[in-house]
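S.K.: One structure, as structure tokens, below. Some questions next.
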Amino acid sequence: LNLAVPAATALVDARIAPATGGGDTQVRIEDAAALQRWVEELPGLEAAFAGMQMQGSARLDAGWKGGWEAVRRRLQSANEPAPRGSAGPTLQGTLTVPRLPLKLPPSDAGKSSEVQLNGVRAELSGSLARATLALKGEAVTGSRKIGLDSRASGGIERPNQWNATLANLRVQVLD
């Protein structure tokens, strides 16, 4: 499936079945401001961004393996191993945002604020039972610069019970 709209494209190549499946997705936003204008011109979506304005670009590359039945089974019976000869569903994805200035709508005090995201990279990989997430980047607002570098892991232990472990967290604030 190929989708092209003003300033953005998406490509999905997938096979979906109960027992097996997999796919790859690529999403590119070349100009967030142009995409936002286009979305807000669609009927019923005039306020989709609630007064926020954005510029910049972003990229998402993701893939998965496994059938939808395996996902359902894992969510309902987290402790049961996958049937012999089949692997549990897995996912991997990377979101990259080189630069994304955001102008937030005015607060109750009538003042709007601006935040610029720089060098944001989020990587997710693993399975429902065990996945890792790494997040790195910075946000700048006014004279304040906040840097983040973190790594976490987690997964489902049993139905309706998840666990998470923060392995690394580094936050740097400069003002």
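The values are calculated or read from the model by the stated rules, or taken from the named source; none is laboratory data. Because the structure is a prediction, the values reported are computed rather than measured. Glycine also receives a Cβ, built like all others from the backbone with ideal geometry; neighbour counts cover every protein chain displayed. To get the accessible areas, we keep the full protein, side chains included, count just its heavy atoms, and leave off ligands, DNA and RNA. Shrake-Rupley method; radii C 1.70, N 1.55, O 1.52, S 1.80 Å.
S.K.: Test of understanding: among Ala109, Ala70, which residue is without any contact (Cβ under 8 Å) to a residue 12 or more places away in the chain and more than 20 Å from the chain's Cα centre (by Cα)?
M.R.: Details: Ala70 fails: without any contact (Cβ under 8 Å) to a residue 12 or more places away in the chain.
Just one listed residue meets the conditions, Ala109.
S.K.: Oh, and also: Provide a single number: the residues in the stretch 5-43 that are open to solvent by 70 Å² or more (accessible area, probe 1.4 Å) and assigned to a helix (DSSP H, G or I).
M.R.: Counting residues in the stretch 5-43 that are open to solvent by 70 Å² or more (accessible area, probe 1.4 Å) and assigned to a helix (DSSP H, G or I) gives 2.
S.K.: Return a yes/no flag: does the stretch 160-168 have any residue that is in contact (Cβ under 8 Å) with a residue 24 or more places away in the chain, surrounded by 11 or more Cβ atoms within 10 Å (Cβ to Cβ) and not small (Gly, Ala, Ser).
M.R.: no
S.K.: In this structure, does Ala47 turn out to be surrounded by fewer than 16 Cβ atoms within 10 Å (Cβ to Cβ) and farther than 30 Å from Gly155 by Cβ?
M.R.: Against the criterion (surrounded by fewer than 16 Cβ atoms within 10 Å (Cβ to Cβ) and farther than 30 Å from Gly155 by Cβ), Ala47 qualifies.
S.K.: From the list Gln116, Gln92, which one is buried (at least 16 other Cβ atoms within 10 Å of the Cβ), modelled with pLDDT of 95 or more, within 18 Å of Ile156 (Cβ to Cβ) and touching a strand residue (DSSP E or B) at 6+ places or on another chain (Cβ under 7 Å)?
M.R.: Values: Gln116 fails: within 18 Å of Ile156 (Cβ to Cβ).
From the options Gln116, Gln92, the qualifying one is Gln92.
S.K.: Here is a further query. Give me the pairs: first residue in the stretch 136-158 and in contact (Cβ under 8 Å) with a residue 40 or more places away in the chain and over 13 Å from Val173 (Cα atoms), second residue part of a strand (DSSP E or B) and open to solvent by 60 Å² or more (accessible area, probe 1.4 Å), beta-carbon distance under 9 Å, and six or more apart or on different chains, which are they?
M.R.: Pairs found: Ile156/Trp162.
S.K.: Under 9 Å by Cβ, and 6 or more places apart or on different chains, what pairs join a residue from the stretch 12-27 that is over 13 Å from Asn2 (Cβ atoms) and touching a residue at least 24 places away in the same chain (Cβ under 8 Å) with one that is loosely packed, with under 12 Cβ neighbours inside 10 Å and hydrophobic (A, V, I, L, M, F, W, C)?
M.R.: Pairs that qualify, where the first residue is over 13 Å from Asn2 (Cβ atoms) and touching a residue at least 24 places away in the same chain (Cβ under 8 Å) and the partner is loosely packed, with under 12 Cβ neighbours inside 10 Å and hydrophobic (A, V, I, L, M, F, W, C), are Gly22/Ile16; Gly23/Ile16.
S.K.: A follow-up question, please. Tell me, which strands (runs of 3 or more DSSP E) lie completely within the stretch 57-173 with 1 or more residues that are on the phi < 0 side of the Ramachandran plot and hydroxyl-bearing (Ser, Thr, Tyr)? Can you show your working first?
M.R.: Details: elements: 58-65, 90-104, 113-127, 131-141, 144-158.
Filter on the stretch 57-173 gives 90-104, 113-127, 131-141, 144-158.
S.K.: If we keep just the residues of the stretch 125-152 that are open to solvent by 70 Å² or more (accessible area, probe 1.4 Å) and in contact with a Gly (Cβ under 9 Å, 6 or more places away or on another chain), which is farthest from Ala33 (Cα to Cα)? Steps first, please.
M.R.: Here is the first cut: in the stretch 125-152, the ones open to solvent by 70 Å² or more (accessible area, probe 1.4 Å) are 130, 133, 136, 142-145, 151.
Going one step further and asking which of them are in contact with a Gly (Cβ under 9 Å, 6 or more places away or on another chain), we end up with 130, 133, 136.
Values: Arg130: 37, Leu133: 28, Lys136: 24 Å.
So the residue we want is Arg130.
S.K.: Something else: Looking at (1) out of contact with any Lys or Arg (no Cβ under 9 Å at 6 or more places or on another chain); (2) closer than 30 Å to Lys145 by Cα; (3) open to solvent by 40 Å² or more (accessible area, probe 1.4 Å); (4) at pLDDT 90 or above, which is the one condition that is false for Pro98?
M.R.: (1)
S.K.: Continuing with this model, one more query. Taking Arg59 as the residue in question, decide whether it is open to solvent by 70 Å² or more (accessible area, probe 1.4 Å), among the basic types (Lys, Arg) and more than 30 Å from Thr141 (Cα to Cα).
M.R.: Numbers: open to solvent by 70 Å² or more (accessible area, probe 1.4 Å): yes; among the basic types (Lys, Arg): yes; more than 30 Å from Thr141 (Cα to Cα): no.
Criteria not met by Arg59.
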